[in-house]
Amino acid sequence: MRMWRNFVDLGAGLWTTLRQLGRISTVSYPEAPLNLPPRWRGRPTLTRDPDGDERCVACQLCSAVCPTRCIELQAGERADTRRYPLTFRINFSRCIYCGLCEEACPTLAIQLLDEFAFSKQHHADFIYEKDALLIDGTGKHPHYNFYRHSGVALGDKNKGEGINEKPPVNVRSNLP
Ligand code: SF4
Ligand code: SF4
């Protein structure tokens, strides 16, 4: 009985190997690009919204959640009261590409995009400042603009005029 069981297990293993044989493809990287899976977690990057403004509102959530404490930033405020990071630094020699910063980010600013091939000779070169982290594109979310959804008056949008936003409630009118 035990011998048959071993044969069945062996056959199952061989069958799995045979099924994969036809699917193997060798890519001549780096000459040919790799076909990365959609949920690939590459180097964390700061993105912009579709209007070209930086998405980050310097809330510090990514820094707080990062298990290796490799994110540091300082908040600033623009004349129109919109917050942004004055400085933003990631030490990639400590980053473990866990994606928790991306999960925590309320504005979809920080995203783990495709870049994975960046080796350096010195540890200090893995420290990226904001100018190296912030890209011109929108990353994985081409249409999302946090301030179009948030309950914040900004520029041409008053409170209650955002996407799926209800007009502000007068809390005094709710009093008994
Ligand atoms: S991917 Fe993980 S380790 Fe890297 S910066 Fe984000 S939270 Fe920190
Ligand atoms: S990247 Fe996202 S989570 Fe981090 S400070 Fe900016 S808005 Fe907050």
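Taken together, the values in this text are just the output of simple stated rules run on the coordinates, not laboratory data. Predicted, not measured: the structure shown is a model, and the values here were computed from it. Neighbour counts are summed over all protein chains in view; Cβ atoms, including those assigned to glycine, are modelled from backbone coordinates with ideal geometry.
In a simple Cβ point-charge model (Lys, Arg +1; Asp, Glu -1; nothing else charged), the chain has a dipole of about 760 debye relative to its Cα centre.
The local environment of PRO85, defined by Cβ-Cβ distances under 15 Å, has a net charge of 0 under the rule Lys, Arg +1 and Asp, Glu -1. Sorted from greatest to least, the principal axis extents spanned by the alpha carbons of segment 43-140 come out as 42, 23, 22 Å.
A Förster radius of 25 Å combined with the Cβ-Cβ distance from TRP40 to ALA124 puts the calculated FRET efficiency at roughly 0.40. If R0 equals 25 Å, the separation of the Cβ atoms of GLN60 and ASN174 corresponds to a calculated FRET efficiency of about 0.20.
Over segment 1-123, what is the mean sequence separation of C-alpha contacts under 8 Å (at least six apart), divided by residue count, expressed as relative contact order in percent?
Values: 150 pairs, mean separation 33.8, N = 123.
Relative contact order here is 27 percent.
Remark: C-alpha extents of the chain on the principal axes read 79, 53, 29 Å, sorted largest to smallest. Rounded to the nearest 10 degrees, the angle from helix 2-21 to the longest Cα principal axis of the chain is 60 degrees.
How much net charge surrounds ALA104 when only the other residues with a Cβ under 15 Å from the Cβ of ALA104 are counted, with Lys and Arg +1 and Asp and Glu -1? Don't jump to the answer; show the numbers that get you there.
Values: positive: ARG41, ARG55, ARG69; negative: GLU102, GLU103.
Local net charge: +1.
Quick one: which of 89-100, 74-85, 113-124 comes out on top by average Cβ neighbours within 10 Å, and what's the full order, highest first? Don't skip to the end; give the middle numbers.
Details: 89-100: 16.2, 74-85: 12.8, 113-124: 10.9.
Answer by packing, highest mean first, reads 89-100, 74-85, 113-124.
Count the net charge of all other residues whose Cβ sits under 14 Å from the Cβ of ASN164, scoring Lys and Arg as +1 and Asp and Glu as -1.
Numbers: positive: ARG148, LYS157, LYS159, LYS166; negative: GLU161, GLU165.
Cβ neighbours under 14 Å give a net charge of +2.
Cα centroids of segment 68-131 and segment 1-21: 47 Å apart.
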